[in-house]
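Just below is one structure, and these are the notes that go with it.
The values are calculated or read from the model by the stated rules, or taken from the named source; none is laboratory data. Since the structure is predicted, the reported quantities are computational estimates derived from the model, not experimental observations. Quick reminder, even Gly has a Cβ in these numbers, built from the backbone with ideal geometry, and neighbours come from all protein chains shown. For accessibility, only protein heavy atoms count, side chains too; no ligands or nucleic acids. Shrake-Rupley method; radii C 1.70, N 1.55, O 1.52, S 1.80 Å.
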Amino acid sequence: MPSTCLKPQQRKDHLYLTCAENFAHSLLATIGHVSRFWFTHLLLLCILLGYAIIGALVFKSVEGPNEMTDRLSLQLIRSQSKAQLWSLCIDESANGSLVQQWNRKSDIIFEQFESRLNKLSLVNSNSSKELWTFWGALFYSTTVFTTIGYGNIVPSTTLGRSLTILYASIGIPLLLMVLADFGKIFTHGLKAVWAAVTDPGRNRRRNFEVDDQFNLPPWVALFVLFSYMLAGASMFIQWETWTYFEAFYFIFVSMSTIGFGDYVPEHPIYMMATFVYLLFGMALTSMCINVVQESLTANFRRAADKIGGRIGWTEKCIDEEQQPEVKSNDEIGRASCRERV
């Protein structure tokens with residue numbers, strides 16, 4: 001029924017329905033556009049997060065029981081070492097031996113203690129704190145495929161080490177895919193922002209399309225990365241008992257995948273947040289490397305053109321030198337054809 005034939009109340013309801021339909025259509029179109037653009041990126045991120053969770057469950061089930069066995073062995077080693085020291089004190093006090101002899105014998109006892117302790121998986125950690133919890137195993141899984149490898153938690157069983165090799169063989173390529181994907185997004189987004197700031201009249205309807213002719217200044221990418229690290233340091237000093245410099249040092253060592261292991265997060269509840277922060281930080285690092293590489297390549301190409309122009313080794317000269325040869329070959333071919341005819 002045409003809207004002119006409707007009653008006033010029906011006409012009003014029809015107008016509301018039309019506006020609601022237009023809004024719903026525009027909303028669905030926007031959601032569809034966003035989902036098409038972000039679906040692949042979010043899917044890769046979700047796969048990586050799921051892979052980390054699966055690794056945490058597997059490593060916890062494999063290494064957890066062995067950790068409990070090591071803790072019982074550690075208690076036995078401590079008890080035996082205390083008994084040996086106590087008997088040494090009684091013997092030396094009864095015999096009236098010198099202090100140097102007591103120190104020599106006690107050093108032997110401590111060396112034996114350290115030698116037995118090195119055989120346990122608890123040597124590089126706080127022995128009173130359980131390592132292979134879900135969050136600890138999740139943290140270990142992320143340090144495997146990010147290649148950071150702090151070393152504060154390591155597998156001690158043959159099965160755990162074998163699974164680590166298999167887990168890293170799959171996880172590292174997956175991480176490189178995610179870093180390349182998000183690094184490209186960050187590069188395009190930063191290029192779009194920089195172009196909007198430096199050239200407001202630039203076409204804004206490109207929606208992060210690749211523009212190989214537009215090189216971002218390296219200092220802009222480095223400034224964004226440095227600001228991200230400073231903001232992260234402010235976040236970590238709220239979580240850990242670190243100074244601001246120690247937090248910044250931890251971020252730099254982690255994002256560069258050096259991973260000394262002298263500073264590691266202690267609060268398990270923040271393990272996942274640390275992983276997400278470092279993941280995006282490594283993507284920003286990848287972006288900076290790409291931007292610097294593009295800039296250096298362009299500078300080297302310009303330098304090569306200048307040097308080649310001065311000594312006469314330009315592409316134009318080379319083409320002109322090769323072109324007469326091609327022509328002469330064609331003429332020889334035509335001449336031979338004529339002779340045959």
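All of I165, I148 fail the test of being within 15 Å of the chain's Cα centre (by Cα) and among the hydrophobic types (A, V, I, L, M, F, W, C), apart from I148. Residues in region 282-309 that are touching a residue at least 24 places away in the same chain (Cβ under 8 Å), open to solvent by 40 Å² or more (accessible area, probe 1.4 Å) and among the hydrophobic types (A, V, I, L, M, F, W, C): V292 alone. Filtering region 254-281 to residues that are at pLDDT 85 or above, part of a helix (DSSP H, G or I), open to solvent by 50 Å² or more (accessible area, probe 1.4 Å) and of a type in the set (A, V, I, L, M) leaves only V276. Confirm whether A247 is out of contact with any Gly (no Cβ under 9 Å at 6 or more places or on another chain) and crowded, with 18+ Cβ neighbours inside 10 Å. No; evaluated as a whole, the condition is false for this residue.
Name the single residue, out of those in region 155-170 being farther than 12 Å from V58 by Cβ and not β-branched (V, I, T), that is surrounded by the fewest Cβ atoms within 10 Å (Cβ to Cβ). Out of the qualifying residues, it is S169.
Mind checking whether some residue in region 312-324 is open to solvent by less than 70 Å² (accessible area, probe 1.4 Å) and either part of a loop (DSSP other than H, G, I, E, B) or at pLDDT 85 or above (or both)? Yes, there is a match, as at least one residue in region 312-324 is open to solvent by less than 70 Å² (accessible area, probe 1.4 Å) and either part of a loop (DSSP other than H, G, I, E, B) or at pLDDT 85 or above (or both).
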